[in-house]
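Reviewing the structure listed below.
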Amino acid sequence: MITGPETKLMAVIGDPIGHSLSPFLHSQIIREAGLDAVYLPFLVKAGETGKFTEAARLLKLAGFNATMPHKNALTDLVDELDPEAESYGSVNTVKVLPDGRLRGYNTDVRGLFMAFERHGVKVKDSRIMIIGAGGVAGALIRGCAEAGAASVTMVNRTFEKAAALCGSVPVAKALEWTGENMSRAAAEADVIVNCTSLGMSGTGMDFEDLSFLDDSRALICDLIYNPWETRFLKHAASLGLRTMNGMDMLIYQGLLAFEIFMDVSLDLHSERDRLLPLCRDRLTGASE
Ligand code: NAP
């Protein structure tokens, strides 16, 4: 790789950041497109988001992605918000404009909806069950409502967070995390999305009880992609349910962000087809 004054700099910030597949993903896109650009991971702690936005202006980055814990803080730190980011109250993509101003975008929800499409799922008129009430769940609940979901049911360990999110979304309702509520919601849902970190590699945490899926006929989606198949997905598959992990979402949200940073237009679906096996091999160590 030869870099010079014209090299476009892109980054991803988060804490933790070592696990992020985004540098690998974006480097594959850069290489295939033959662009003069680099994409680097930076460990940036909560409370340091503002310092990084100033560094991004100073260094004239093309832009940067943000993961936990920066997505909400960035909504107040950028100079302008794209309508999706404004509506979801969450920024995962920041473009540094030529005059140094920062524009915040959210590509998470559109990325997930494109992933849903690949799996034959339409959000419109569907009954969606969301497990979790964190950053992504908060964006997703609004995205589902705007896309015409028939209903959204949210269950979260901390009920108050789910209730607060559902309060402003007419088609949404929050339920306490009890076995009975989980089972009823799962039986009534067309799509169930795990938006918690339960089952994520390295956390040591997982669902204690998955029997709530027993009467479900939904498509089961886990936003986690590491491990490739969580216990949640494995159990769903053993019940004969259709499943999808978070890798398609990761790839699509990354491609959409790349288009924003580099002012290019990509063939998103064929790029996804090319990148999926590369990312899977990278994750499972098959290519190393
Ligand atoms: P977040 O804001 O930190 O929210 C975490 C959620 O997990 C909260 O609802 C939290 O519940 C719940 N949780 C954590 N530990 C729990 C436990 N022991 N028992 C029950 N619930 C627990 O995270 P986020 O940014 O929304 O991300 C959520 C998930 O999506 C993560 O797994 C992340 O890796 C994944 N993700 C995937 C992609 C992709 O492209 N595939 C993109 C973004 C995020 P409380 O509210 O009670 O704390």
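Nothing in this text is a laboratory measurement; each read-out follows from the coordinates by a stated rule. Small disclaimer: the values here were computed from a predicted structure and weren't measured. Cβ coordinates were reconstructed from backbone atoms using ideal geometry, including for glycine residues, and neighbour counts include every protein chain displayed.
Values for this structure:
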{"quantity": "Principal-axis tilt of helix 108-118 within the chain, Cα atoms, nearest 10 degrees", "calculated": "60 degrees"}
{"quantity": "Charge dipole (debye, nearest 20) of the chain; +1 at Cβ of Lys and Arg, -1 at Cβ of Asp and Glu", "calculated": "60 debye"}
{"quantity": "Mean shadow area of the range 32-135, taken as a quarter of the surface of its Cα convex hull (nm²)", "calculated": "8.7 nm²"}
{"quantity": "Normalised alpha carbon radius of gyration of the range 150-288 [divisor 2.2 N^0.38 Å]", "calculated": "1.19"}
{"quantity": "In order through the range 205-210: 3J(HN,Hα) via Karplus (6.51 cos²θ - 1.76 cosθ + 1.60), integer Hz, x for Gly, Pro", "calculated": "10, 7, 4, 7, 9, 10"}
{"quantity": "Loop trypsin sites (Lys or Arg not before Pro), the range 117-153, which have at most 12 other Cβ atoms in a 10 Å radius of their Cβ (DSSP)", "calculated": "K124"}
{"quantity": "Charge dipole magnitude, Cβ of K and R +1, D and E -1 - the range 127-236, Cα centre, debye nearest 20", "calculated": "260 debye"}
{"quantity": "Antiparallel %, DSSP beta bridges [both residues in the chain], to 5", "calculated": "20 percent"}
{"quantity": "Convex hull volume per residue for the chain, taking Cα atoms only, in Å³", "calculated": "129 Å³"}
{"quantity": "Nonlocal Lys pairs with alpha-carbon distance under 18 Å, the chain (8 or more apart, or different chains)", "calculated": "11"}
{"quantity": "Folded to 0 to 90 degrees: helix 268-284 orientation relative to the chain principal axis, Cα", "calculated": "80 degrees"}
{"quantity": "Sum of -39500 (n - 2.57) over DSSP H runs of 4+, divided by residues of the chain (222 nm, nearest 500)", "calculated": "-12000 deg cm²/dmol"}
{"quantity": "Per-residue ³J(HN,Hα) for the range 226-236, Karplus 6.51 cos²θ - 1.76 cosθ + 1.60, θ = phi - 60°, Hz, x for Gly and Pro", "calculated": "10, x, 4, 10, 6, 4, 4, 5, 4, 5, 4"}
{"quantity": "Inter-probe distance in nm under a simple model that places probes 7 Å from Cα toward Cβ, at H19 and D215", "calculated": "3.4 nm"}
{"quantity": "R0 of 41 Å, Cβ-Cβ distance R242-L77: FRET efficiency to nearest 0.05", "calculated": "0.55"}
{"quantity": "Zone of R157's modelled label, taken as backbone nitrogen in the range 195-224 under 11 Å from a point 7 Å along Cα→Cβ", "calculated": "196-199, 204-208"}
{"quantity": "Rounded to 5, the percent of DSSP beta bridges in the range 1-124 classed as antiparallel", "calculated": "35 percent"}
{"quantity": "Farthest positive-ward along the range 1-75 dipole, Cα basis, beta-carbon charges - from L43, A73, L9", "calculated": "A73"}
{"quantity": "Relative contact order of the range 195-276, defined on C-alpha pairs under 8 angstrom at six or more residues apart (%)", "calculated": "23 percent"}
{"quantity": "Between the range 243-276 and the range 52-94, the Cα center-to-center distance that results, in Å", "calculated": "19 Å"}
